[in-house]
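The values are calculated or read from the model by the stated rules, or taken from the named source; none is laboratory data. This structure is a prediction, so every number in the text was calculated from the model and none was measured. As a convention, Cβ positions derive from the backbone with ideal geometry for all residues, glycine included, and neighbour counts pool all protein chains shown.
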Amino acid sequence: MSKQSFLCVGGAALAGAAFLMLAGIPYGVSSPSNVRNIVLSPLFWPYVLAGILAFGGAGLVLTAFRLPPGARDERLSDVPGGWARLGAIAVIMLAYVMTISTLGMVWTSIVAIVAVAFLMQAKRPLLTAVVAVAAPLLLYAFFAHVAGVGVPQGELVRLP
Amino acid sequence: MSLMDSFAAGLALVWSLESLLALVGGVLVGVIAGAIPGMSATMAVALTLPFTFAMTPITGILLLVGVYKGGIFGGSIPAILIKTPGTPASSATVLDGYPMAEKGQAGRALGMALWASCTADLISNLALILFAGWLASFALSFGPPEFFTLILFSLTIIAGVSGDSLLKGLISAIMGLLLATVGLDLVYGTNRFNFNDPNLMGGLNFIAVLIGLFAIPEILTMVWNPKGQEGQARGLGGGWVTWLDYRRCFKTIVRGSLIGVVLGSIPGIGAAPAAFLSYSEARRKSKNRDNFGKGEIEGVAASESGNNGVAGATLIPLLALGVPGDVITAIIIGAFMVHGLQPGPMMFVANADIIYGLFLGLIISSIALFFIGTVAIRGFRFVADIPKALLFPVVLVLCVYGVFAVNNNIFDIGVMFAMGWVGFMMLRFGVPAAPFLIAFILGPLLEDNFRQSMLMSGGSPEILFRGPITWFFWGLTVLTVVAIARAGLRVRSKLLEEKRT
């Protein structure tokens with residue numbers, strides 16, 4: 001049990017509940033005007049859940065204040081270069097989703113494997129290159145020709 | 001359809017080359033995935049799910065069940081050889097398995113782990129066959145109020161026992177329930193959090209959420225700390241488990257299996273608590289209790305029988321009530337849904353052939369596990385040598401292909417990545433992901449049964465207390481909350497006491 005994690009999770013839950021009650025539900029959920037009973041309204045369930053979320057968040061914040069300042073939570077401790085690598089993989093993920101329809105899933109996946117392997121400090125470049133080409137091609141063969149999925153081909157090079 | 005007819009129809013489904021290959025292949029994939037530290041049985045089942053789309057329902061489900069069974073056993077191999085449990089369920093196996101490996105008896109420990117796992121698996125499967133049908137026939141009389149209270153109880157216990165705090169579990173479950181409200185309203189068809197985006201009209205894709213929550217965070221963890229998964233594997237040593245060892249531990253194995261069956265049939269408890277309870281019971285009753293923790297073979301037998309005893313039993317609430325007992329069965333429920341099947345009491349009437357086919361397949365999986373496990377123990381060194389920095393990028397691409405294959409929609413890949421970041425943050429802050437996923441699956445059912453009850457009663461909440469079954473589940477829910485809150489208070493007062501001294 002770490003005071004820090006209780007405070008962060010509780011605070012986030014309270015903020016989330018406040019957002020839902022003040023903006024998310026009023027603007028994101030529509031209800032017909034002729035609903036006679038409040039419990040049958042499409043708004044009822046989200047409001048109940050937001051209320052319980054606020055209750056849980058408040059409970060966690062209160063628990064955090066009553067907890068002794070214990071040892072540091074190992075899960076929250078930093079690793080050298082960790083945040084930079086996470087930032088890089090966030091960019092890779094974004095680029096992956098954005099380029100699939102243009103480059104095709106196979107070619108994007110090849111680049112993604114090489115980039116992620118580099119981030120994970122892979123030691124064998126030749127093996128990495130072989131796997132980066134073979135794995136997406138094998139997956140393409142299975143999903144396109146066995147499972148009948150229309151794998152995006154992209155606009156540059158088309159596969160059989 | 002009589003019982004014999006159902007069994008015959010089930011046998012006809014299972015006794016085909018396709019089904020048997022799926023089962024054996026599933027066990028093999030599961031053992032390998034479970035044996036790789038950083039991969040888990042859950043992740044393996046989640047990644048296998050997209051491959052079942054092109055299969056018949058029974059073949060696909062048998063493949064997933066095979067991966068599940070193999071994965072739980074596979075986790076014991078690195079637990080014994082490199083002191084790193086492949087799955088959380090194998091944590092108790094480390095206590096005596098690794099000291100045995102240090103003494104040069106790794107082969108003996110792994111052999112006992114395999115024999116205990118197969119025995120427990122068989123006992124658990126028999127329990128499933130005996131009790132699931134009985135429970136389903138009882139559940140046929142359930143109406144919406146009964147189902148509402150049952151699901152509420154399941155969510156309470158899952159939220160309560162999954163993490164280090166009931167409140168964190170509660171928040172996780174509420175987040176899952178909230179995410180399940182995205183899409184068109186169940187009764188009026190109006191918009192709920194979909195902002196007129198056609199991609200969100202049908203709600204978020206279950207498989208994108210599931211793979212995002214359980215596979216992507218592992219990849220992000222590996223990126224966060226690439227050196228975190230390294231370990232030195234020990235050799236198997238000269239000895240192998242003997243018939244005499246097995247006979248000496250047999251009572252412990254049966255006890256552990258029964259503990260696994262009982263805990264596994266309660267939604268949410270899972271394999272790790274069963275393994276630890278079985279281990280502590282074995283230590284309490286053993287003549288060699290002083291040797292526990294120092295390399296006692298009975299300790300390995302106890303923990304492995306405890307965690308494998310859960311495997312068949314978790315399917316009892318899934319098949320009989322439509323409520324997943326843990327995360328893996330939540331994924332398996334997804335496979336049922338993908339193939340147009342709804343687990344629950346009605347499935348015993350409408351799809352008895354698939355139910356009995358599954359029962360027979362489970363028995364065959366125990367036998368397959370025995371042979372594949374024997375080979376896998378000897379081949380572990382090859383599995384341990386797979387570079388993680390190469391494996392995880394391939395897993396990432398596998399996730400992308402798998403999620404895309406569900407609806408041929410790139411939007412789902414974005415959902416998966418977003419859920420991956422949510423899962424990673426949950427992992428860092430100690431918020432359990434299991435209540436999130438199970439609540440996401442059960443959310444529509446919970447709301448649907450609640451609103452149906454309200455429609456039946458004209459809005460009166462009295463219907464939720466209409467008979468002994470609803471009272472029974474309300475009672476269990478209150479008991480669970482009180483028990484978990486008391487346990488939490490005890491931990492906190494212990495912490496305060498430690499601080500004072």
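Yes/no per residue for (1) modelled with pLDDT of 90 or more; (2) out of contact with any Cys (no Cβ under 9 Å at 6 or more places or on another chain); (3) crowded, with 24+ Cβ neighbours inside 10 Å; (4) of a type in the set (Gly, Ala, Ser):
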| position | (1), (2), (3), (4) |
| --- | --- |
| B:303 | yes, yes, yes, yes |
| B:311 | no, yes, yes, yes |
| B:331 | no, yes, yes, no |
| B:351 | no, yes, no, no |
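Could you list, in sequence order, all residues of the stretch B:346-402 that are within 23 Å of residue B:120 (Cα to Cα) and either aromatic (Phe, Trp, Tyr) or in contact with a strand residue (DSSP E or B) (Cβ under 9 Å, 6 or more places away or on another chain) (or both)?
Initially, the stretch B:346-402 is screened for residues within 23 Å of residue B:120 (Cα to Cα), giving B:355-378, B:380.
Answer for the stretch B:346-402, where residues must be within 23 Å of residue B:120 (Cα to Cα) and either aromatic (Phe, Trp, Tyr) or in contact with a strand residue (DSSP E or B) (Cβ under 9 Å, 6 or more places away or on another chain) (or both): B:356, B:359, B:370, B:371, B:380.
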Self-check item: Count of the stretch B:79-99 residues which are farther than 19 Å from residue B:309 by Cα and under 19 Å from the mean Cα position of the chain (by Cα)
Solution: 0
Exercise. Give me the pairs, please: first residue somewhere in the stretch A:1-20 and more than 13 Å from residue B:175 (Cβ to Cβ), second residue anywhere and buried (at least 17 other Cβ atoms within 10 Å of the Cβ) and of a type in the set (S, T, N, Q), beta-carbon distance under 8 Å, and either six or more positions apart or on two chains.
Key: A:1/B:165; A:6/A:63; A:6/B:165; A:10/A:63
Quiz prompt | All positions within the stretch A:1-40 that are facing chain B (nearest Cβ under 7 Å), within 22 Å of residue B:184 (Cβ to Cβ), not in a helix (DSSP H, G or I) and not polar (S, T, N, Q) | solution = A:29, A:32
Quiz item: Any idea which of B:41, B:79, B:33, B:46 is modelled with pLDDT of 80 or more, crowded, with 23+ Cβ neighbours inside 10 Å and touching a Leu at 6+ places or on another chain (Cβ under 6 Å)?
Solution: B:46
Quiz prompt | Hits in the stretch A:121-151 (condition: modelled with pLDDT under 90, facing chain B (nearest Cβ under 8 Å) and surrounded by 18 or more Cβ atoms within 10 Å (Cβ to Cβ)) | solution = A:122, A:143, A:149, A:151
Practice problem: All but one of (1) of a type in the set (Ser, Thr, Tyr); (2) more than 9 Å from chain B (Cβ to nearest Cβ); (3) within 18 Å of residue B:403 (Cβ to Cβ) hold for residue A:102, so report the exception by its number. | Solution: (3)
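Taking residue B:137, is it touching a helix residue (DSSP H, G or I) at 6+ places or on another chain (Cβ under 8 Å) and either modelled with pLDDT of 90 or more or surrounded by 23 or more Cβ atoms within 10 Å (Cβ to Cβ) (or both)?
Details: touching a helix residue (DSSP H, G or I) at 6+ places or on another chain (Cβ under 8 Å): yes; either modelled with pLDDT of 90 or more or surrounded by 23 or more Cβ atoms within 10 Å (Cβ to Cβ) (or both): no.
When the stated conditions are applied, residue B:137 does not pass them.
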Quiz item: Among A:91, A:79, which is the only one that is more than 8 Å from chain B (Cβ to nearest Cβ) and either at pLDDT 85 or above or surrounded by fewer than 17 Cβ atoms within 10 Å (Cβ to Cβ) (or both)?
Solution: A:91
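Here is a list: B:173, B:208. Which entry is within 15 Å of residue A:46 (Cα to Cα) and either in a helix (DSSP H, G or I) or at pLDDT 85 or above (or both)? Let's see the steps before the verdict.
Numbers: B:208 fails: within 15 Å of residue A:46 (Cα to Cα).
Selected residue: B:173, the only one of B:173, B:208 that is within 15 Å of residue A:46 (Cα to Cα) and either in a helix (DSSP H, G or I) or at pLDDT 85 or above (or both).
For the stretch A:41-56, name all the residues that are outside any helix (DSSP H, G or I) and either at the interface with chain B (Cβ under 7 Å from one of its Cβ atoms) or within 18 Å of residue B:176 (Cβ to Cβ) (or both).
The first filter runs over the stretch A:41-56 and keeps only residues outside any helix (DSSP H, G or I), leaving A:41-43.
The answer is A:42, and nothing else.
Evaluate the stretch B:382-391: report whether one residue or more is assigned to a helix (DSSP H, G or I) and surrounded by 24 or more Cβ atoms within 10 Å (Cβ to Cβ). Give the derivation first.
Step one: of the stretch B:382-391, the residues assigned to a helix (DSSP H, G or I) are B:382-384, B:388-391.
Cutting the leftovers down to surrounded by 24 or more Cβ atoms within 10 Å (Cβ to Cβ) gives us none.
No: the stretch B:382-391 contains no residue that is assigned to a helix (DSSP H, G or I) and surrounded by 24 or more Cβ atoms within 10 Å (Cβ to Cβ).
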Quiz item: Which number in (1) more than 9 Å from chain A (Cβ to nearest Cβ); (2) more than 11 Å from residue B:436 (Cβ to Cβ); (3) under 30 Å from the mean Cα position of the chain (by Cα) marks the one condition that residue B:198 misses?
Solution: (3)
Quiz prompt | Of residues in the stretch B:316-329 being small (Gly, Ala, Ser) and modelled with pLDDT of 85 or more, the one farthest from the chain's Cα centre (by Cα) | solution = B:320
Quiz item: Which condition number in (1) free of Cβ contacts under 8 Å to residues at least 24 places away in the same chain; (2) assigned to a helix (DSSP H, G or I) is the one that residue A:122 fails?
Solution: (2)
